[in-house]
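> Before we start, here is the structure in question, set down as structure tokens.
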Amino acid sequence: MTTTTDIEFMIGRIATGDRQAFLSLYDATSAKLFGVCLRVLDDRADAEDVLQEVFVKVWRNAGHYTANGLSPMTWLITVARNSAIDRKRARKAPAYDIDTVSGLADGAPGPEMAAIAASEAARIGACLAELEAARAGAVRGAYLDGMSYAELAHRHDVPLNTMRTWLRRSLQKLRECLSR
Amino acid sequence: MTQLPFPGDDASTEAAEYALHLMGPGERAEFEARLAVSGALRAELARWQEAFVALAADIVPVAPPAALRPAIEGRIFGKERRRWSLPGLVGGTLGGGLVAGAVLVVAVLVLPQSRLGMPEPGVPERSGGTVREAAGLGADLASEDGALRVAVRLAADGEALTVTRASGAPAPGRALELWLIAETEEAPISLGVLPDARTARLGLPPALAAMLGTAVLAISDEPEGGSPTGAPTGAVLAAGPITPL
């Protein structure tokens, strides 16, 4: 399986214009990134389109990767997630029935990544567990489904400003917990 | 919760909102302007992104359709084909060759006959079932260091190219592949991998024969058996225009 170091190396090679490294990175990460796009967009055609954009961005921006201080998978997932959310927000009618693709089945990252992800997930999972269930759900909805404040307010049936206040307080508590 | 626990908490919450992509376009742009000048803010953002990404561990990987990979390749590397354009090759590889060591080879074999820019005869005309000798076409390809020299001639029947490798060989485990780069075509067309034999006959479909008049031939370094993609993948070792002989 592909390790974090492998992916970091591939990104470094891509920054020098290495086409083979780019294809290797695609083979190693496209399924995960496609999963991320699908989760946010809940539409195969859109997700396919966005995945193309994501890899074009990766090809173009690989040289700036080291400057952002992120681990390689975090960078790739962030690019995929942000691109998918941008697409989602650009769609005419906002989709509210997003929970159709919310299967939380176990993924298949490489062993090293899985280990890191598992401990980090446990950490943020534990911190989210300290929040009220609905508020933790709002944070997850924002991250995993790319929901906007308006969509979250709709889903939780509260006014928009209430949702903002909720979420910001939740984030403050989360930060306190994560800093412990 | 009117009093924030410690300074910077506001900025941290904004970084989290930014990481979650909850900001509107205006807020986002404003935050990015601050990010650009604050290393501390970038570090805080990275902390949030790393914390949140753990939630993505739950997202099931889904293999994208197989057609997506070549589509992305085409989108990104499509541009690279321009590297193979006629002016690029003639002015680059061949021009470089003239300036460098292979002056004799190129000058003697190519320049005296070169009529680039003039109307070319195109496909040899058949008269009474035989190809007129006068309409013979060919190209002489030489690498910049002169190590690889290949002469290509249109066979008398007009249905094949006779390829004679005067010197040079593929690197161990690699192959030399001959390409036709025609003005009318977007991408180079493979004419085949050069066999081990010094002289070889490569079949030439009529559609390709018709393009010879205004084309350039090139030899690239490819994996054994030839390019796996149908397009050149390795370095251009030698190139030269097809000229009347």
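> What is the spin-label model distance, in nm, from residue A:19 to residue B:9 if the labels are put 7 Å beyond Cα along the C-beta direction?
5.5
> Write down, largest first, the equivalent ellipsoid semi-axes of the stretch B:9-58 in whole Å, where each equals the square root of 5 times an eigenvalue of the alpha-carbon gyration tensor. Don't skip to the end; give the middle numbers.
On the way: eigenvalues 70, 34, 14 Å².
In descending order, the three semi-axes are 19, 13, 8 Å.
> So how much accessible area does residue B:145 have, in Å² to the nearest 10, using a 1.4 Å probe?
Here the residue's solvent-accessible area equals roughly 120 Å².
> What shape does the stretch A:1-91 have by the C-alpha gyration tensor, where a ≥ b ≥ c are the square roots of the eigenvalues, rounded means a/c under 1.5, and otherwise prolate means a/b greater than b/c and oblate the rest?
It is prolate, given that a/c is not under 1.5 and a/b is the larger ratio.
> At a probe radius of 1.4 Å, what is the per-residue accessible area of residue A:173, in Å² to the nearest 10?
110
> From the protein chains alone at 1.4 Å, what is the descending order of accessible area for A:29, A:66, A:165, largest first?
Details: A:29 0, A:66 115, A:165 65 Å².
So the residues, ranked largest to smallest area, are A:66, A:165, A:29.
> Report the gain in length on full extension from residue A:56 to residue A:178: 0.36 nm times residue separation, minus Cα-Cα distance, nm rounded to one decimal.
The residue A:56-residue A:178 span can extend by a further 40.5 nm.
> Determine, from the Cβ-Cβ distance of residue A:123 and residue B:28 and an R0 of 35 Å, the FRET efficiency 1/(1 + (r/R0)^6), rounded to the nearest 0.05.
Result of the calculation: an efficiency of 0.80.
> Taking 2.2 N^0.38 Å as the expected size of a compact globular protein, what ratio does the Cα radius of gyration of the stretch A:26-69 give against it, to two decimals?
Relative to the rule-of-thumb radius for its length, the stretch A:26-69 sits at 1.23.
> Measuring from centroid to centroid over Cα atoms, what is the spacing of the stretch B:173-245 and the stretch A:19-74 in Å?
So the separation of the two Cα centres works out to 34 Å.
> If Lys and Arg each add +1 and Asp and Glu each add -1, what is the summed charge of the other residues whose beta carbon sits under 13 Å from the beta carbon of residue B:238?
-3
The values are calculated or read from the model by the stated rules, or taken from the named source; none is laboratory data. Remember, predicted model here, so these are calculated numbers, not experimental data. In this analysis, Cβ positions are derived from the backbone assuming ideal geometry, glycine residues included, and neighbour counts consider all displayed protein chains. Ligands, DNA and RNA are stripped out before the accessible areas are found, and what is left, the full protein with its side chains, is counted by its heavy atoms. Shrake-Rupley method; radii C 1.70, N 1.55, O 1.52, S 1.80 Å.
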